[in-house]
Amino acid sequence: MMQQADPGLREDLMRQPWALWWLQAKRLTQIELRRNLFSWRASWIYFLAFIPTLIISIHSIVDPHDPTSISDDTQMLASIVHLYYIRLGVFFGCLGIFSRLIRGEMIERSLHFYLLSPVRREVLLLSKFAAGSATALLLFVTATLANVALIYLPFGAAGRDYLFNGPGIEQLEAYVLIIVLACLGYGAVFLLLSMMFKNPTPGALLFLGWEAINPVLPSMLQKLSVASYLRHLMPVNIGVKGLIALLTVETEPVAGWVATLGLLLLITAVLLYSCYRIRTLEIRYTTE
Amino acid sequence: MSIYKHHYRAYTGRVTPIWTRIFALARYGLAEAWSTKITAVLFVICLIPPVGFLFTIYLSNNPSARLLMGTVGTRVLAIDGSFFLRVLTIQSWLAMALASCIAPRLITLDIVDNALPILLSHSISRFGYVLGKYAALFATLSTVTWVPCLLLFAYQGYASPVPWAASNLRIGVGMLAGALIWIALISLLGLALSSWVKWRGVATGVIFAVILVPAGVGAIVTGVLHTKWGLLLNVPVMMSYLWERLLDVHNRIDNALQLPTMAIVTMLALGCCLSMVMLNTRIRAREVVRG
């Protein structure tokens with residue numbers, strides 16, 4: 001029986017119009033990318049992504065760069081990635097980008113044009129997700145690269161040595177991976193929330209609260225959070241102080257690939273559920 | 001167009017005083033704010049901490065409970081400035097959540113549905129319109145901030161076996177002033193941001209983002225540029241400093257990071273002015289027609 005079922009499934013998959021879907025996805029992604037990146041309304045995402053870069057560039061111009069302070073600046077960069085980008089910048093950036101993709105089109109009463117066109121809804125959803133992810137990644141990854149360059153290059157030879165011969169390049173890779181996973185993780189969650197609720201913001205803010213209190217939750221519950229996976233990928237330990245440090249539940253250190261795989265599985269599960277939801281999505285503009 | 005009937009005359013009866021007209025808007029604003037279940041749920045959540053604090057005050061003034069808790073009880077159940085600072089802080093942040101839910105309901109719908117020209121064609125000014133909405137939001141936020149805070153203060157004054165209220169009047173006045181400053185700020189900010197965002201859901205998020213993101217940016221400025229002035233972008237920190245000073249509570253924060261009260265007040269005033277400019281730009285009797 002199994003031997004008969006396998007070729008059937010393969011044949012079924014081969015018979016699907018993949019080339020058409022690919023073309024449709026490409027066009028849809030291009031439209032969304034243009035709207036997300038080059039509109040006046042998207043300017044606030046540039047602000048969220050590049051404001052730390054602006055502050056670091058002032059620091060690189062104004063402050064003296066003694067090679068002994070490289071470790072301080074490394075710690076500072078880790079804090080910026082962990083406390084600003086993951087908790088605020090990427091979070092609110094993705095909330096704005098991804099909740100607009102479906103719910104925003106409903107508000108503007110334009111989603112039915114897509115739904116009436118001969119495009120599979122899953123293709124529509126995944127293209128929109130791809131466009132949102134590309135926007136978020138382009139801005140936040142560029143900002144991270146610029147931050148690292150502006151932190152280390154003003155140190156001159158010592159900074160270049162740290163970056164290219166020391167642990168700098170590994171840290172940069174880790175930061176980029178963290179930002180990529182954060183954008184994809186938050187993006188998938190907000191896309192789903194925007195389909196589930198008329199107003200996704202309270203849900204997103206509850207999610208922000210969940211992410212904030214996550215370190216003090218039991219280790220089992222910590223697995224249901226984006227930030228907990230990202231914490232294991234941080235190349236520099238920034239440490240917590242005060243009452244939070246007392247309440248923090250230290251989990252077993254997890255290997256980088258396990259954390260990455262765990263988060264990718266979470267993203268896949270959320271996207272699969274979103275694909276299932278969009279098949280039965282109905283629009284009632286009168287209630288929006 | 002020909003007009004055949006010429007017997008229309010202007011109304012000559014008694015006219016409602018101008019200052020009372022804003023109450024009509026406030027009344028409808030309140031009805032709109034309370035028309036959703038989420039407002040009721042949030043309001044109930046806002047009242048849970050005061051119940052807990054009330055119980056703490058009761059225990060603190062109950063000799064049997066104090067005896068049972070021993071020396072730990074004296075420390076845990078101390079009713080002083082720090083206790084009321086905790087009450088004020090929690091209530092103020094809950095009020096912020098309530099404001100982010102209510103403010104967009106009050107103003108976004110009027111703007112998105114192009115209702116402003118109709119509303120402002122009545123005998124009410126733009127200032128009156130904003131004041132009416134502001135009054136609705138301010139009244140709702142008052143019920144979860146200074147009202148429960150002062151009720152707890154009054155209960156402590158009543159339950160305490162020794163004269164307490166008169167000697168701690170500074171705490172009561174500080175709580176009232178601190179809560180009024182906070183709700184005045186978030187009401188203005190909430191209305192201003194809601195008037196600029198046409199999607200109600202986004203407006204809720206934007207209100208939070210406008211408080212939290214500059215706080216993060218301020219922390220980066222403080223950390224990277226080694227200056228305490230970055231904290232002037234951090235509303236939560238500024239308000240904590242202000243509340244501590246109003247309630248005369250000694251804080252545990254490093255002296256080097258302390259901000260002058262005048263700088264804090266100036267920043268908050270600037271925030272209010274910016275909100276008023278935003279409202280002035282947006283609240284106009286115009287209709288947006290998209291082709």
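Please work out if B:T74 is free of Cβ contacts under 8 Å to residues at least 60 places away in the same chain and either within 14 Å of chain A (Cβ to nearest Cβ) or open to solvent by 40 Å² or more (accessible area, probe 1.4 Å) (or both).
So B:T74 passes the test.
In the stretch B:97-135, which residue that is within 14 Å of chain A (Cβ to nearest Cβ) and surrounded by fewer than 22 Cβ atoms within 10 Å (Cβ to Cβ) is farthest from the chain's Cα centre (by Cα)?
Out of the qualifying residues, it is B:D113.
Does A:L83 satisfy being within 11 Å of another protein chain (Cβ to nearest Cβ), at pLDDT below 90, under 30 Å from A:H232 (Cα atoms) and open to solvent by 80 Å² or more (accessible area, probe 1.4 Å)?
yes
Criterion first (over 29 Å from A:L125 (Cβ atoms) and open to solvent by less than 20 Å² (accessible area, probe 1.4 Å)) does A:V62 satisfy it?
It is false that A:V62 is over 29 Å from A:L125 (Cβ atoms) and open to solvent by less than 20 Å² (accessible area, probe 1.4 Å).
Quick check on my filter: what residues within the stretch A:262-287 are surrounded by fewer than 13 Cβ atoms within 10 Å (Cβ to Cβ) and either under 13 Å from A:F129 (Cα atoms) or more than 15 Å from the chain's Cα centre (by Cα) (or both)?
A:T268, A:A269, A:L272, A:Y276, A:R279, A:T280, A:E282, A:R284, A:Y285, A:T286, A:T287
Let me confirm something: among A:T53, A:T74, which residue is within 22 Å of the chain's Cα centre (by Cα) and under 20 Å from A:G156 (Cα atoms)?
A:T53
Yes or no, residue by residue, for (1) open to solvent by 20 Å² or more (accessible area, probe 1.4 Å); (2) more than 14 Å from every other protein chain (Cβ to nearest Cβ); (3) touching a Ser or Thr at 6+ places or on another chain (Cβ under 6 Å):
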{"position": "A:T201", "(1), (2), (3)": "no, no, yes"}
{"position": "A:G209", "(1), (2), (3)": "yes, no, no"}
{"position": "A:A212", "(1), (2), (3)": "yes, no, no"}
{"position": "A:P218", "(1), (2), (3)": "yes, yes, no"}
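Look at A:Q75 and say whether it is within 14 Å of another protein chain (Cβ to nearest Cβ) and in a helix (DSSP H, G or I). Spell out the reasoning first.
Details: within 14 Å of another protein chain (Cβ to nearest Cβ): yes; in a helix (DSSP H, G or I): yes.
So A:Q75 passes the test.
Restricting the search to the stretch B:6-46, which residues are within 14 Å of chain A (Cβ to nearest Cβ), open to solvent by 50 Å² or more (accessible area, probe 1.4 Å) and touching a residue at least 12 places away in the same chain (Cβ under 8 Å)?
Across the stretch B:6-46, the qualifying residues are B:I38, B:I45.
Return yes or no: is A:L95 within 7 Å of another protein chain (Cβ to nearest Cβ) and buried (at least 24 other Cβ atoms within 10 Å of the Cβ)?
yes
From the list B:A135, B:A154, which one is closer than 26 Å to B:M278 by Cβ and in a helix (DSSP H, G or I)?
Only one candidate passes the filter, namely B:A135.
Restricting the search to the stretch A:49-59, which residues are under 28 Å from A:L184 (Cα atoms), open to solvent by 20 Å² or more (accessible area, probe 1.4 Å) and either in contact with a strand residue (DSSP E or B) (Cβ under 9 Å, 6 or more places away or on another chain) or at the interface with chain B (Cβ under 9 Å from one of its Cβ atoms) (or both)?
A:I51
Scan the stretch A:104-130 residue by residue and report those that are open to solvent by 10 Å² or more (accessible area, probe 1.4 Å) and within 14 Å of chain B (Cβ to nearest Cβ).
A:I107, A:E108, A:R109, A:S110
Listed here are the residues, each with its yes/no results for (1) buried (at least 24 other Cβ atoms within 10 Å of the Cβ); (2) under 23 Å from A:P52 (Cβ atoms); (3) in contact (Cβ under 8 Å) with a residue 60 or more places away in the chain.
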| position | (1), (2), (3) |
| --- | --- |
| B:S142 | no, no, no |
| B:L150 | no, no, no |
| B:A166 | no, no, no |
| B:I186 | yes, no, yes |
| B:L191 | yes, no, yes |
| B:V197 | no, no, yes |
| B:V210 | no, yes, no |
| B:V217 | no, yes, no |
| B:G230 | no, yes, no |
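Run A:L20 past the list (1) over 26 Å from A:A227 (Cβ atoms); (2) among the aliphatic types (A, V, I, L, M); (3) open to solvent by 90 Å² or more (accessible area, probe 1.4 Å) and report the number of the one that doesn't hold.
Evaluating A:L20 over (1) over 26 Å from A:A227 (Cβ atoms); (2) among the aliphatic types (A, V, I, L, M); (3) open to solvent by 90 Å² or more (accessible area, probe 1.4 Å) leaves (3) as the failure.
Sort out which residues of the stretch B:197-252 are of a type in the set (F, W, Y) and more than 9 Å from chain A (Cβ to nearest Cβ), and write them in order of number.
First pass over the stretch B:197-252, keeping only residues of a type in the set (F, W, Y): B:199, B:208, B:229, B:241, B:243.
Hits for the stretch B:197-252 are B:W229, B:Y241, B:W243.
The values are calculated or read from the model by the stated rules, or taken from the named source; none is laboratory data. None of the values given here were measured: they were computed from a predicted structure. Counting neighbours? That spans all protein chains shown, and the Cβs are built from the backbone with ideal geometry, glycine included. Protein only, heavy atoms only, side chains kept; ligands, DNA and RNA dropped before computing areas. Shrake-Rupley method; radii C 1.70, N 1.55, O 1.52, S 1.80 Å.
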